[in-house]
Amino acid sequence: MHTRQPVFFVALATFLMALSLAAGAQAPQRQGGALAVSTTTPRAEQFARTVVATGSVYAWQEAVIGPEVGGYRVAAVNVDVGDKVRKGQELVRLAGEMLTAEVAAKKAAKAQADAQLITAASNLRRAESILTSGAVSDSEHERLKAEHLAAQARVEAAASDLESSQLKLQYTRVIAPDDGVITSRTVVVGQIAQAGGEMLRLLRQSRVEWRAEVPEGRVREIKAGQAARVTTADGSQLVGKVRTVAPTVQAGTRTALVYVDLPKSDNARPGMFARGEIETSRSAAATLPLASVVVRDGYSYVFVVNDKQGVERRRIEVGTVRNGRVEVLSGLEPTARVVERGAGFLKDGDRIRVVESDEPGSTSAARAPSAAGPT
């Protein structure tokens, strides 16, 4: 048997052995030396091949929200942890009395600068109207032009100061940058806000992702768009989609991160541990019930019915296990009759007697009387 990922096959062998023991808790009866068993044949079906991984659930993007101005008292906090918010919604409001007064002062300064500009422009126009008569000297004309330019500059400076004060007043309202859910709150009413300091955290668009740690040997099989079935620690199952694969491998663990987008659900919260399977391909495969496979000495075997009402032990190579059936990779013909129930009590060369089975496609005594041995 080819060795493919020893750890996986040791776990699979242990799993199959446990199932075989459970299925054979009651030994089949022997009559006349023949063991009563049921048989089945390999079933051709579409079988998904997956990469199993573990990881944690993370926020897709968590925005840190803070004020753009500092030194002002927090007047109101309008949200708490767990609240859903909309883009543009007011989350926190700072006391803005001082800034309101500042805006009023800047408006007055702007009005004064406008008046000075009007006066300077009027003086310049009068001087230019009589400039040709010689009543105004060239030096006086230049002085009036300079005063007019200075007045224009003062108007622009006053307008800039007014706009700055108005923006500061506007920034006393801390608003949500996007839709989402509040995940953290550190702000309280009455504290003095610091510019850029953290007040809240926002889970953008309530969107989470599973970051799967995939062994480096399996990374090449995973592509964006593949489906992933994720199971959280509480047993909840979610179907997500691979968004991207990290371009690097973590040296310490020899794993690569695979980012899987998860649907919106209260069952997947950032920080949760989760395991899952990423479907890499789907193709036709021959499968058998788990009860048909016997694990001995670390290898997988089945018992094939021969023409002499006996069985031959056949070593096979198994693959993925899903829905109570195991994929047979090699070692078995598609038409072989395989013992299902009772396989765990057989040895090579034993005589058998075929009885009724509930397994679809299994051989029963009524349908195949020639398979019944002497009693």
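The values are calculated or read from the model by the stated rules, or taken from the named source; none is laboratory data. Keep in mind that this is a model prediction, so the values were computed, not measured. Cβ: placed from backbone, ideal geometry, glycine included. Neighbour counts: every protein chain shown.
Structure notes:
- Test: residue in region 36-49 that is among the aromatic types (Phe, Trp, Tyr), touching a Pro at 6+ places or on another chain (Cβ under 6 Å) and modelled with pLDDT of 65 or more: no
- Residues in region 363-370 include at least one that is crowded, with 17+ Cβ neighbours inside 10 Å and either at pLDDT below 90 or closer than 14 Å to Ala36 by Cβ (or both).
- Selection count where residues are buried (at least 17 other Cβ atoms within 10 Å of the Cβ) and either modelled with pLDDT under 90 or in contact with a Pro (Cβ under 6 Å, 6 or more places away or on another chain) (or both), scope region 269-287: 2
- Residue in region 254-264 that is within 30 Å of Gly331 (Cβ to Cβ) and out of contact with any Lys or Arg (no Cβ under 6 Å at 6 or more places or on another chain) present: no
- Output for region 302-333, where each listed residue is in contact (Cβ under 8 Å) with a residue 60 or more places away in the chain, touching a Pro at 6+ places or on another chain (Cβ under 7 Å) and not in a strand (DSSP E or B): Leu332
- Entirely in region 152-213, the strands (runs of 3 or more DSSP E) that have 1 or more residues that are of a type in the set (Val, Ile, Thr) and closer than 28 Å to Ala53 by Cβ: 180-185
- Residue in region 33-81 that is surrounded by the fewest Cβ atoms within 10 Å (Cβ to Cβ), counting only those that are within 20 Å of the chain's Cα centre (by Cα) and not in a strand (DSSP E or B): Gln61
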